[in-house]
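The block underneath contains the structure these notes are about, expressed in structure tokens.
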Amino acid sequence: MLFINRLIPEHKMMEESFMNITIQSLRFDATDKLEQFIQKKVSKLDLFYDGIISAAVVLRLDKAETTENKVAEINLEIPGNTLFAKKQSKTFEESVDLACEALRKQLIRTKDKIKAK
């Protein structure tokens, strides 16, 4: 099990805004390249919603005999709410990409609801 905490994004450090990203891999060891990919993808969510507090990414191998056995779950904590996306595909990169896309849509919807009030 691997936990990585990093303050992201660097360009917002002066504004004292940061997102804490935790990556956990179950039943396998994630490579540095995969961890960097996840950090890059998740940190881009900050472009769609200011004030994301933290992100918890869990990667796991599901039933090993199937080809689409790479699962990515992402919990995104924002002020007053927690958003969640879980996607499964042939690669972890694709699963993370799909989960981030689902979260991007949720963030935009959440932001629109706040603006409408």
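The values are calculated or read from the model by the stated rules, or taken from the named source; none is laboratory data. If you're wondering where the values come from, they're calculated on a predicted model, not measured in any experiment. Neighbour counts run over all protein chains shown; Cβ positions are idealised from the backbone, glycine included. Surface areas here come from the heavy atoms of the whole protein model, side chains and all, with no ligands, DNA or RNA. Shrake-Rupley method; radii C 1.70, N 1.55, O 1.52, S 1.80 Å.
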Checklist outcome for this item: At R0 = 30 Å the Cβ-Cβ FRET efficiency linking Glu93 and Ile53, nearest 0.05, sits at 0.75
Item to check | Carbon plus sulfur fraction of accessible area for the stretch 42-117, probe 1.4 Å, in percent | outcome: 51
Checklist entry - In the structure displayed, which of Lys40/Lys63; Lys33/Lys111; Lys41/Lys70; Lys41/Lys63 lie more than 20 Å apart, Cα to Cα? => result Lys40/Lys63; Lys33/Lys111; Lys41/Lys63
